[in-house]
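Notes follow the structure.
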Amino acid sequence: MKILTVLGARPQFIKAAAVSRVLRKTHKVKETIVHTGQHFDQKMSDIFFEEMSIPEPDFNLEINSLGHGAMTGRMMEGIEDILKKESFDLLMVYGDTNSTIAGALAASKLHVPVAHIEAGLRSFNMKMPEEINRILTDRISSLLFCPTATAVQNLRNEGFEHYDCSIIKNGDVMQDAALFYSEMSSSKSTIIQDSQLQDEDFVLVTLHRQENTDDIDKLTSVVSALNQLSKKYRIVFPIHPRTSKRLIENGLNLTFETIEPVGYFDIVELLKQAKLVLTDSGGLQKEAFFFETPCLVMREQTEWVELIEHGYAKLVGAKKELIVDAVDEMAGSNLDYSQNLYGQGKASEIILDSILSLSN
Ligand code: UD1
Ligand code: UDP
């Protein structure tokens, strides 16, 4: 079976690391990888391929730093060319970025079946580019791999049972990655010692959502919250390039030092040691849970509703007072992490089995 995997953004490298590792175990699958180029800095891209031994992409389209239309359109064009030169049995996409929708659209129009990993997630906020990408990708996919029961239910509510597709609850591939790379991260990462964090009660912060960074009021409010928090807590903030750009463009200053984006091994060690995670990332919310660290989500909604329902994470939006108060409240909490919310770390194996059963 010939699979064309399309990826391009940081979280997709982490997800693909888990899945590609399993695909490589069988000679029945030949995976070709297209990197759209959406993320391109060494610390946003290459570092993950190196650390996590993801096979080098067969193609890099080098498409990035464009508006939604130009980026998605040019990616589609590049992916279509590849699909026309060689025949593939399946195109695989992850998550909800512009690389995801570009891959799915290019393939479906050429009648190449699409497998969507992380299908069925919804924030019900149609202003998010990710929500648009994920709904449309789901609709044109043949294999919908859902990480949670809620994701399956979302698809049922939208009538997907009546479409020509298979809905498979496989669990979360990010959990597979967390389980597989955790030990390797402890032995390879030196960030805790290098940054002298052993005895620090630090807060791990990430921020990059369009809804927070492109809204000056929200960005100003978050910056002000972080500056206030930094007087009380040590803040470790690996800053996304989008956010660095917006801070400069808007003349906003953080009164503490940030760090460049870090690789997966370092972020895992930071997640394990942090007192609290404060983020607007999709992936980091779950990883905080995997590594048993309470989490505050700087958004109004999340697709990972089970984290909120079980009290592992709390939505705080972008309001300064809410963020500051919630950090004080949540930082000391002692939660019971025995719940299994995202499967048994076998999500990638279930994907492989489902794909192979297609060719039988
Ligand atoms: C994208 C995804 C978002 C995902 C995030 C993961 C879309 C619409 N958004 O957002 O869903 O959560 O990735 O991190 O697909 N940049 C660099 N260097 C890089 C990468 C980006 O400088 O390596 C800059 C770009 O030039 C651009 C900005 O960051 O100015 C935003 O990049 P873009 O890929 O458009 O969106 P993200 O915010 O990264
Ligand atoms: N991540 C990382 N280094 C960082 C910040 C994040 O390796 O400096 C990882 C994080 O652990 C998670 C993924 O990148 O696995 C999440 O990516 P991001 O927050 O960019 O995107 P999202 O999940 O919100 O789409």
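Readers should treat all values here as calculations from the given coordinates under stated rules, not as data from a laboratory. What you see is a predicted model; the values in this text were computed from it and never measured. Here the Cβ is made from the backbone with ideal geometry for all residues, glycine too, and neighbour counts use every protein chain on show.
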Rounded, prolate or oblate: which fits region 14-143, taking a ≥ b ≥ c as square roots of the Cα gyration tensor eigenvalues, rounded meaning a/c under 1.5, else prolate when a/b beats b/c?
rounded
In nm, spacing of pseudo-spin labels at residue 357 and residue 87 (7 Å Cα→C-beta vector):
2.5
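What does the charge count around residue 299 come to, taking other residues whose C-beta lies under 13 Å from its C-beta (Lys +1, Arg +1, Asp -1, Glu -1)? Before the final figure, lay out each step's value.
On the way: positive: 127, 209, 218, 314, 319; negative: 130, 131, 211, 215, 280, 300, 303.
Computed value for this residue: -2.
Write down, largest first, the equivalent ellipsoid semi-axes of the chain in whole Å, where each equals the square root of 5 times an eigenvalue of the alpha-carbon gyration tensor.
One finds semi-axes of 33, 21, 20 Å for the chain.
Starting with the highest mean, order 99-105, 11-17 by the number of other Cβ atoms within 10 Å, averaged over the residues of each peptide.
Working: 99-105: 27.4, 11-17: 24.6.
Top of the packing list down: 99-105, 11-17.
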Proportion of all alpha-carbon pairs of region 187-331 beyond 17 Å (%)
57
Taking loop as defined by DSSP and a crowding limit of 14 other beta carbons within 10 Å, which GluC sites (Glu not before Pro) in region 246-297 fit?
257, 292
Going by the alpha-carbon gyration tensor, a ≥ b ≥ c the square roots of its eigenvalues, is region 225-286 rounded (a/c under 1.5) or, if a/c is not under 1.5, prolate (a/b greater than b/c) versus oblate?
oblate
Based on the mean of other Cβ atoms within 10 Å per residue, sort peptides 337-344, 297-304, 179-186 so the most packed one is first.
297-304, 179-186, 337-344
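Mind running the shape call on region 252-345? Use the C-alpha gyration tensor, a ≥ b ≥ c as the square roots of the eigenvalues: rounded below 1.5 for a/c, prolate if a/b tops b/c, oblate otherwise. Don't jump to the answer; show the numbers that get you there.
Working: a/c = 1.66, a/b = 1.21, b/c = 1.37.
Since a/c reaches 1.5 but b/c is at least a/b, the shape of region 252-345 is classed as oblate.
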